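Student: Got a structure for you, questions after.
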Amino acid sequence: MYRLTMRRIFLAFATLGLVLTGAALHAQSLFSPAIRVNDRAITWYELDQRALLLKAVNSPGDPVKEARKQLIEDRLKLDAAIAAGARVTPEMIETGTKDFAGRANLSPEQFITALEEKGVARQTFEDFVFAGLAWREVVRLKFASRLAVTDEDIDKAQRALSNLNSAQVLLSELFIPVPEGREAEAMELAQNIIQDATIEGFSNNARQYSVAPTRDVGGRLEWMSITKLPPQLRPVILSLKPGEITQPLPLQGAIALFQLRSIAESGWRAPDIAAIEYATYQIPGGRSPEALAAAQTLMNDTDTCDDLYGTAKGQPDEVLSRVTQKPGEIPRDIAIELAKLDKGELSANLTRNNGQTLLVVMMCGRTPALTQDASREELTAQLRNRRAESLANGYLEQLRADARIIEE
């Protein structure tokens with residue numbers, strides 16, 4: 001087994017001729033500390049390598065900023081793993097590498113070779129996988145007793161998703177903004193809101209704290225088919241009783257809470273969705289009056305996704321994105337917005353770049369699927385994974401709040 005010592009996460013520094021980021025070029029030494037987390041150093045080399053890795057796998061966001069965020073979190077996760085006595089086996093590393101490679105339809109060695117061709121050392125990728133596996137073991141050891149899924153939870157979810165009927169749900173939503181560096185404060189607010197599990201209480205909190213346009217109506221949404229929600233969210237909603245609130249759902253720049261107000265079942269079944277085509281359009285300025293006005297003009301002048309090409313003409317390529325993805329592949333915050341939209345409708349509720357960019361989302365179309373319903377085992381796994389993710393995110397925010405993080 002791999003021992004969970006910090007030696008494991010320091011790189012071998014064996015790869016030469018790497019393409020370096022601007023930050024690393026200006027550092028006195030690639031091996032000097034760039035960040036200290038509880039007296040553990042993160043070197044400029046590690047930052048550069050993680051950024052190259054994120055770029056190589058087309059990870060969303062700014063690779064340099066994400067590299068700093070991820071490596072800080074990795075140090076916190078590995079410290080927690082050492083304290084918990086977690087262990088990661090070579091077989092787990094091998095399986096993790098195989099899973100990543102499989103997403104690119106490559107063998108593990110082909111995948112590693114492709115990374116190395118882009119300047120990413122094998123050790124960099126293995127350390128990335130190792131940190132993730134170690135954290136998974138921490139969550140398993142620390143929260144095992146709280147991840148149980150009851151037969152009642154599964155029965156309720158399975159009934160609603162059966163071939164005989166389809167659930168219609170009446171939800172309320174609340175989106176808490178998460179400014180950079182204030183993640184723990186936002187998570188604490190979310191946990192406090194959950195304690196007031198009444199329809200009126202949630203509505204009042206939505207009016208006070210939510211940044212979604214529905215705040216004006218207490219976060220209340222109209223009836224919708226459960227099949228319009230992101231697949232990962234469906235069993236979570238169906239496991240709730242009227243009045244209950246989900247655990248906090250971290251999104252990019254926000255934390256989401258949903259309250260189930262009512263649920264109904266009918267003989268008609270809405271079709272499952274195989275793929276969703278949608279477009280995003282970036283407007284600088286975040287939620288400033290100017291940006292919101294520009295978004296409103298865009299929404300007024302746009303009838304179809306094709307219209308966006310004319311609006312984006314002459315602007316940088318990254319301003320407009322139009323993609324088709326399986327529901328489970330869509331970023332969670334975008335998926336939640338799409339659940340509220342019909343074809344040709346737009347929303348301007350999301351931001352990117354730490355709130356500096358307003359993201360307009362447009363529904364281009366849905367492709368129905370001819371698939372069987374999720375099995376009992378799949379529903380159990382989805383519910384358990386969602387609970388584990390929520391507990392893990394809360395614990396990580398606690399570790400971050402208690403940590404000493406110093407940037408050199």
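Student: Could you tell me how many of the residues in region 209-226 are farther than 19 Å from LEU249 by Cα and in a helix (DSSP H, G or I)?
Tutor: So the answer is 2.
Student: Same structure, new question: Of the numbered conditions (1) part of a helix (DSSP H, G or I); (2) more than 17 Å from ALA274 (Cβ to Cβ), ALA335 fails exactly one; give the number of that condition.
Tutor: Unmet condition: (2).
Student: Pull up region 178-202, narrow it to residues that are farther than 12 Å from LEU257 by Cβ, at pLDDT 90 or above and under 25 Å from the mean Cα position of the chain (by Cα), then point me to the one that is surrounded by the most Cβ atoms within 10 Å (Cβ to Cβ).
Tutor: Once the filter is applied, the top-ranked residue is GLU188.
Conditions (1) modelled with pLDDT of 90 or more; (2) among the β-branched types (Val, Ile, Thr); (3) crowded, with 18+ Cβ neighbours inside 10 Å, marked per residue:
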{"position": "ALA295", "(1), (2), (3)": "yes, no, yes"}
{"position": "ILE330", "(1), (2), (3)": "no, yes, yes"}
{"position": "VAL361", "(1), (2), (3)": "yes, yes, yes"}
{"position": "THR371", "(1), (2), (3)": "no, yes, no"}
{"position": "SER375", "(1), (2), (3)": "no, no, no"}
{"position": "GLU389", "(1), (2), (3)": "no, no, no"}
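Student: Determine the pairs where a residue that is in contact (Cβ under 8 Å) with a residue 40 or more places away in the chain, located within region 41-61, has a partner that is among the charged types (D, E, K, R) and surrounded by fewer than 22 Cβ atoms within 10 Å (Cβ to Cβ) with Cβ atoms under 7 Å apart, the partner being 6 or more residues away or on another chain.
Tutor: Taking only residues 6 or more apart or on different chains, the pairs are LEU52/LYS118; ALA56/LYS118.
Student: Test ALA131 against the criterion of being hydrophobic (A, V, I, L, M, F, W, C), in contact with an Asp or Glu (Cβ under 8 Å, 6 or more places away or on another chain) and either part of a helix (DSSP H, G or I) or at pLDDT 95 or above (or both), and give yes or no.
Tutor: Yes: the conditions hold for ALA131.
Student: I've got another one for you. Just for helices (runs of 4 or more DSSP H) wholly inside region 231-327: which have at least 3 residues that are within 28 Å of LEU174 (Cβ to Cβ)?
Tutor: In region 231-327, 234-238, 289-301 are the helices (runs of 4 or more DSSP H) which contain 3 or more residues that are within 28 Å of LEU174 (Cβ to Cβ).
Student: Looking only at region 47-75, count every residue that is closer than 19 Å to THR113 by Cα and in a helix (DSSP H, G or I) and tell me the total.
Tutor: Number satisfying all stated conditions: 9.
Student: Can you tell me which of (1) assigned to a loop (DSSP other than H, G, I, E, B); (2) modelled with pLDDT of 90 or more is the one ILE406 doesn't meet?
Tutor: Against the list (1) assigned to a loop (DSSP other than H, G, I, E, B); (2) modelled with pLDDT of 90 or more, ILE406 comes up short only on (1).
Student: Got a number for residues in region 6-46 being among the hydrophobic types (A, V, I, L, M, F, W, C), crowded, with 18+ Cβ neighbours inside 10 Å, modelled with pLDDT of 55 or more and not in a loop (DSSP other than H, G, I, E, B)?
Tutor: 5
Student: Given the residues GLU117, GLU66, which is the only one that is more than 16 Å from ILE42 (Cα to Cα), acidic (Asp, Glu) and not assigned by TED's automatic domain parsing to the domain that holds ASN393?
Tutor: That would be GLU117, the only listed residue that is more than 16 Å from ILE42 (Cα to Cα), acidic (Asp, Glu) and not assigned by TED's automatic domain parsing to the domain that holds ASN393.
The values are calculated or read from the model by the stated rules, or taken from the named source; none is laboratory data. Note that the coordinates shown come from a computational prediction; the quantities given were computed from them, not determined experimentally. Note that we place each Cβ from the backbone using ideal geometry, even for glycine, and neighbour counts take in every protein chain shown.
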